[in-house]
Amino acid sequence: MLTLGLVVAINSQAPGVMLQAPDSETRRKLSLAEEQLRKESRQAILAAGFSESYFDRHFQLVRVFNQPADRRVVWKFSINQYEALLNDAVGYYSSGLGERVNTHSIATTLQSSHDIQKTITRKRADQILRNCIGRYGTVSVMLGVRTSTGRSGLYMIASARRRSELEEKEAKEMGHKKRSSESESANANRAQQTDSVPREGGDDEKPLVYAILDLETGKCVKAKALVAP
């Protein structure tokens, strides 16, 4: 199981979003309150274990949200061929003096971090994932802590593709071609009758198979998860 920074969808054309602009340029659009949240979030990331020089090279401010029901700071982390978006949700508590003190979720998400220097190539990652879970679909890159090991790092999460009805049909047809025309016809009829009967335990009820690939070490862990309908 992973405890990782949340990946959020950001519209690059939205006001205030400057994915390619230097951090200093983005900062000019911030209010005093937003700038304070940015500073606190940056400090939380540094406290997690990253050096200042590493932060300046690999982290870029995306956007600061400071609405009553939505307070967060979004960063983009990039290294080599990989990018990950980090969502730092901001909460607060009241001190003994009645002062409001902000809390940053990213302090937990990135705990015990280190300056990541080397990663495997994207091509190598693809090879490892295929060996781990076969053909895969959705892929996400996440920076965070793997709770089973307590190790912080850069991970690629991929889900294995489930066998579609079309693939099942093609497999049946391939098997039928190996039989005689008479047997093939009979089997096709039986298959059609069988398909018309509702079956339990379809693909939606099977566990989702996914892989967690450490992009520093190349180690891949295969896991399963049940997906609620």
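Across the stretch 104-128, which residue is farthest from residue 221 (Cα to Cα) among those that are under 16 Å from the mean Cα position of the chain (by Cα) and surrounded by 21 or more Cβ atoms within 10 Å (Cβ to Cβ)? Explain how you work it out, then say what you get.
If we filter the stretch 104-128 for residues that are under 16 Å from the mean Cα position of the chain (by Cα), which is where we start, we get 106, 109-110, 122, 125-126.
Those left that are additionally surrounded by 21 or more Cβ atoms within 10 Å (Cβ to Cβ): 106, 109-110, 125.
On the way: 106: 24, 109: 20, 110: 20, 125: 13 Å.
Among them, the one singled out is 106.
If you check every pair at least six apart or on different chains, which have Cβ atoms under 8 Å apart with a residue in the stretch 94-118 that is over 18 Å from residue 56 (Cα atoms) first and a residue that is polar (S, T, N, Q) and exposed (fewer than 10 other Cβ atoms within 10 Å of the Cβ) second?
Close Cβ pairs (under 8 Å, with a partner that is polar (S, T, N, Q) and exposed (fewer than 10 other Cβ atoms within 10 Å of the Cβ)) amount to 100/94; 101/94; 101/95.
Please work out which residue is modelled with the highest pLDDT, limiting yourself to the stretch 19-50 and to residues that are part of a loop (DSSP other than H, G, I, E, B) and closer than 30 Å to residue 158 by Cβ.
We begin by selecting, within the stretch 19-50, every residue part of a loop (DSSP other than H, G, I, E, B); these are 19-22, 28-31, 48-50.
Of the ones still in play, those that are also closer than 30 Å to residue 158 by Cβ are 19-20, 48-50.
Details: 19: 36, 20: 39, 48: 93, 49: 93, 50: 96.
The qualifying residue modelled with the highest pLDDT is 50.
Could you please find all residues in the stretch 92-110 being at negative phi and in a loop (DSSP other than H, G, I, E, B)? Talk me through it step by step, then tell me what you get.
Initial filter on the stretch 92-110 (at negative phi): 92-97, 99-110.
Residues satisfying the conditions are 95, 96, 97, 99, 105, 110.
Among (1) among the aliphatic types (A, V, I, L, M); (2) crowded, with 19+ Cβ neighbours inside 10 Å; (3) without any contact (Cβ under 8 Å) to a residue 60 or more places away in the chain, there is one condition residue 142 misses while meeting the rest; what is its number?
In the conditions (1) among the aliphatic types (A, V, I, L, M); (2) crowded, with 19+ Cβ neighbours inside 10 Å; (3) without any contact (Cβ under 8 Å) to a residue 60 or more places away in the chain, residue 142 misses (3) alone.
Please count how many residues of the stretch 198-218 are at pLDDT 70 or above, surrounded by 13 or more Cβ atoms within 10 Å (Cβ to Cβ), part of a loop (DSSP other than H, G, I, E, B) and not hydrophobic (A, V, I, L, M, F, W, C).
Of the residues in the stretch 198-218, 2 are at pLDDT 70 or above, surrounded by 13 or more Cβ atoms within 10 Å (Cβ to Cβ), part of a loop (DSSP other than H, G, I, E, B) and not hydrophobic (A, V, I, L, M, F, W, C).
Quick test for you: out of 113, 53, pick the one residue that is modelled with pLDDT of 85 or more, outside any strand (DSSP E or B), of a type outside the set (A, V, I, L, M, F, W, C) and within 27 Å of residue 123 (Cα to Cα). Give the steps one after another, and end with the answer.
Working: 53 fails: within 27 Å of residue 123 (Cα to Cα).
That would be 113, the only listed residue that is modelled with pLDDT of 85 or more, outside any strand (DSSP E or B), of a type outside the set (A, V, I, L, M, F, W, C) and within 27 Å of residue 123 (Cα to Cα).
Of the residues 84, 89, which is among the hydrophobic types (A, V, I, L, M, F, W, C), assigned to a strand (DSSP E or B) and either farther than 21 Å from residue 117 by Cα or free of Cβ contacts under 8 Å to residues at least 24 places away in the same chain (or both)? Spell out the reasoning first.
Values: 84 fails: either farther than 21 Å from residue 117 by Cα or free of Cβ contacts under 8 Å to residues at least 24 places away in the same chain (or both).
The match here is 89.
The values are calculated or read from the model by the stated rules, or taken from the named source; none is laboratory data. On a predicted model such as this, the values are computed, not experimentally measured, just so you know. Note that each Cβ is placed from the backbone with ideal geometry, even for glycine, and that neighbours are counted across all protein chains shown.
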